[in-house]
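Novice: There's a structure below that I have some questions on.
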Ligand SMILES: *Cc1c(COP(=O)(O)O)cnc(C)c1O
């Protein structure tokens, strides 16, 4: 047996570039010092273009879920009615947060693996016949690998009622998609560090428009660490209300440099190219895709082995024989799908060992030769761009 380099292909955490790692290893500085203020100022600012925000992006020292929670507590008052779209495990998380704090939570279920239907969301809200303060959805529902049409929904919501706040969880796609708060009618857009932003886990991001910022200052729902009005006041002073993860802030600054060098448009194109190549390869290997082309996420792909035994064999052998880590399904998709992440610090070639390993595994397991088939399909998609 050979020793293989480890290849982390989960939809978070993701591989971290050496440059970011090195920046994070610089000597510690005091967080109440001009040294840190320079770091914070650049970190807040460098995320604006990634989030498509006119304002500096807030950074919380806590995981992505804290930003989901903050986006609710700072927009929704105790007696408000809200709509939570649940299209997978992370939609369920939004629902759980909502039900922890609020009485009037209207849940709109979307079949797992399908994209939300904008007309259906709108007619459901109309049928509720109560004023809805906010609508919450994932952008990429990581558990199903669906990228929802959030811009379309944003505009439809504002056309229905321009007072509705539209809150989007972009934890698993921001950094890999073309998004713009104003253009896409999004009021609050949150994310986390360990997915397409190729940073370690542990910090979270909140982008917002003017209207959302005013609301952060006005809501009465109790909150302390996650009071975004407080975080914003600190941000304006190039600081944070409590001790930040200084090292990861440095990582954000280096991330900004790397994106600037590659060009953000190219970063996005690279993710879509890898997505298309991975999907072509999986299909050639007789592995069905969970999500239709139109809504396939550029950051993660879900595929369906023939049965649960084959699924387990693929996942375990990738790890034990090839040192490649992918993810299983979550919730009701556990035992039904596998998910391969391809976001952040990833080039098309990084997926070739995964595809080649699948060829070997399936050739042995199914007693049918797949050698050269998946990699061929993969390279047929990417070779024009290399
Ligand atoms: C990973 C993820 C989260 C949760 O982030 P944590 O950092 O684990 O708290 C939330 N939403 C989506 C869509 C995710 O992919």
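Novice: Determine whether segment 116-127 contains at least one residue that is touching a strand residue (DSSP E or B) at 6+ places or on another chain (Cβ under 6 Å) and touching a residue at least 40 places away in the same chain (Cβ under 8 Å).
Specialist: Yes, there is a match, as at least one residue in segment 116-127 is touching a strand residue (DSSP E or B) at 6+ places or on another chain (Cβ under 6 Å) and touching a residue at least 40 places away in the same chain (Cβ under 8 Å).
Novice: State which residue is nearest to residue 177 (Cα to Cα) when the search covers only segment 57-72 and only residues that are touching a helix residue (DSSP H, G or I) at 6+ places or on another chain (Cβ under 9 Å) and in a loop (DSSP other than H, G, I, E, B).
Specialist: 57
A quick yes/no check of all residues on (1) in contact with a helix residue (DSSP H, G or I) (Cβ under 8 Å, 6 or more places away or on another chain); (2) over 20 Å from residue 378 (Cβ atoms); (3) modelled with pLDDT under 95:
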| site | (1), (2), (3) |
| --- | --- |
| 263 | no, yes, no |
| 266 | no, no, no |
| 270 | yes, no, no |
| 275 | no, no, no |
| 281 | yes, no, no |
| 298 | yes, no, no |
| 313 | yes, yes, no |
| 326 | yes, no, no |
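Novice: Could you please find all residues in segment 73-87 being in contact with a strand residue (DSSP E or B) (Cβ under 7 Å, 6 or more places away or on another chain), surrounded by 19 or more Cβ atoms within 10 Å (Cβ to Cβ) and not in a loop (DSSP other than H, G, I, E, B)?
Specialist: Scanning segment 73-87 gives 82, 83, 84, 85, 86.
Novice: Here's a follow-up. Show me the helices (runs of 4 or more DSSP H) entirely contained within segment 1-56 in which 2 or more residues are more than 20 Å from the chain's Cα centre (by Cα), more than 16 Å from the ligand (Cβ to nearest atom) and surrounded by 19 or more Cβ atoms within 10 Å (Cβ to Cβ).
Specialist: Ranges flagged: 18-24, 34-46.
Novice: Tally time: how many residues in segment 332-357 are under 20 Å from residue 13 (Cβ atoms) and assigned to a helix (DSSP H, G or I)?
Specialist: 4
Novice: Looking only at segment 191-206, which residues are more than 8 Å from the ligand (Cβ to nearest atom) and either modelled with pLDDT under 95 or outside any loop (DSSP other than H, G, I, E, B) (or both)?
Specialist: Once the filter is applied, which keeps residues that are more than 8 Å from the ligand (Cβ to nearest atom) and either modelled with pLDDT under 95 or outside any loop (DSSP other than H, G, I, E, B) (or both), segment 191-206 yields 191, 205, 206.
Novice: Just wondering, is there one or more residues in segment 320-343 that are under 25 Å from residue 143 (Cβ atoms), surrounded by 20 or more Cβ atoms within 10 Å (Cβ to Cβ), more than 25 Å from the chain's Cα centre (by Cα) and outside the structural domain of residue 254 (by the TED database)?
Specialist: Yes.
Novice: Quickly run through segment 258-286 and pick out the residues that are touching a strand residue (DSSP E or B) at 6+ places or on another chain (Cβ under 7 Å) and surrounded by 21 or more Cβ atoms within 10 Å (Cβ to Cβ).
Specialist: Hits for segment 258-286 are 275, 278, 282.
Novice: Criterion first (surrounded by fewer than 17 Cβ atoms within 10 Å (Cβ to Cβ), free of Cβ contacts under 8 Å to residues at least 24 places away in the same chain and in contact with a strand residue (DSSP E or B) (Cβ under 7 Å, 6 or more places away or on another chain)) does residue 99 satisfy it?
Specialist: Against the criterion (surrounded by fewer than 17 Cβ atoms within 10 Å (Cβ to Cβ), free of Cβ contacts under 8 Å to residues at least 24 places away in the same chain and in contact with a strand residue (DSSP E or B) (Cβ under 7 Å, 6 or more places away or on another chain)), residue 99 qualifies.
Novice: Could you please find all residues in segment 345-356 being surrounded by 14 or more Cβ atoms within 10 Å (Cβ to Cβ) and in contact (Cβ under 8 Å) with a residue 40 or more places away in the chain?
Specialist: Result: 345, 346, 348, 350, 351, 353, 354, 355.
Condition check ((1) surrounded by 21 or more Cβ atoms within 10 Å (Cβ to Cβ); (2) within 16 Å of the ligand (Cβ to nearest atom); (3) over 25 Å from residue 179 (Cα atoms); (4) not assigned by the TED database to the domain that holds residue 69) across all residues:
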{"site": "211", "(1), (2), (3), (4)": "no, no, no, no"}
{"site": "228", "(1), (2), (3), (4)": "yes, no, no, no"}
{"site": "235", "(1), (2), (3), (4)": "yes, no, no, no"}
{"site": "243", "(1), (2), (3), (4)": "no, no, yes, no"}
{"site": "249", "(1), (2), (3), (4)": "yes, no, no, no"}
{"site": "256", "(1), (2), (3), (4)": "no, no, no, no"}
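Novice: Testing residue 64 on (1) within 16 Å of the ligand (Cβ to nearest atom); (2) surrounded by fewer than 24 Cβ atoms within 10 Å (Cβ to Cβ), one condition comes back false. Which one is that?
Specialist: (2)
The values are calculated or read from the model by the stated rules, or taken from the named source; none is laboratory data. These numbers come from a predicted model, not from an experiment. We place every Cβ from the backbone using ideal geometry, glycine too, and count neighbours over all the protein chains shown.
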